[in-house]
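Trainee: My questions will all concern the structure given below.
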Amino acid sequence: MWESEWFFGLILVSGIIGALGSAGWYWLLSKLTVGCGSGKEVFDQDHWVTGVLTGVVERFFFTVIIATDLSGAAISMVAWITVKSQMHYKIFSSDAPGKDVGRLYLALLSSIASLLFAIAGGVAWRDGWTLVKFFSVLSG
């Protein structure tokens with residue numbers, strides 16, 4: 001496990017650090033924007049289902065795509081964020097709720113941060129990083 005590239009990239013970087021980093025980034029942005037003025041709680045029930053659960057699955061999925069060097073990863077990420085935004089905020093519909101624009105941007109920026117952890121985990125896995133290698137580089 002300590003010498004495993006997939007464990008370091010998928011589980012540690014994308015999974016654990018990605019979950020903590022994404023939640024922290026979302027919390028920081030929501031505090032800076034004061035909840036986007038929507039009157040909703042920042043970490044409401046919708047966030048736990050659509051944000052946290054979806055974030056874990058999307059990070060794992062895109063980490064595997066990047067680690068296996070499949071083409072089209074970047075365009076797939078953009079398409080995924082678009083589909084997710086349409087499902088939750090109906091951004092391309094005529095009945096789009098204009099009052100949630102702030103929360104939409106908060107969600108978009110948080111999705112980008114989440115996918116950056118997937119990229120980092122996929123590259124670490126693909127390039128052969130392990131916990132042993134990481135700590136040997138840190139120690140000099």
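Trainee: So in the stretch 1-50, with the set limited to residues that are of a type in the set (S, T, N, Q) and either part of a helix (DSSP H, G or I) or at pLDDT 75 or above (or both), which one is nearest to K84 (Cα to Cα)?
Mentor: Per the criteria, the residue is T50.
Trainee: Output the residues belonging to the stretch 78-94 that are touching a Ser or Thr at 6+ places or on another chain (Cβ under 9 Å) and either hydroxyl-bearing (S, T, Y) or within 16 Å of L116 (Cα to Cα) (or both).
Mentor: Within the stretch 78-94, W80, I81, S85 meet the criteria.
The values are calculated or read from the model by the stated rules, or taken from the named source; none is laboratory data. Computed from a predicted model, the values in this text were never measured in an experiment. Every residue, glycine among them, receives a Cβ derived from its backbone with ideal geometry; neighbour counts consider all protein chains shown.
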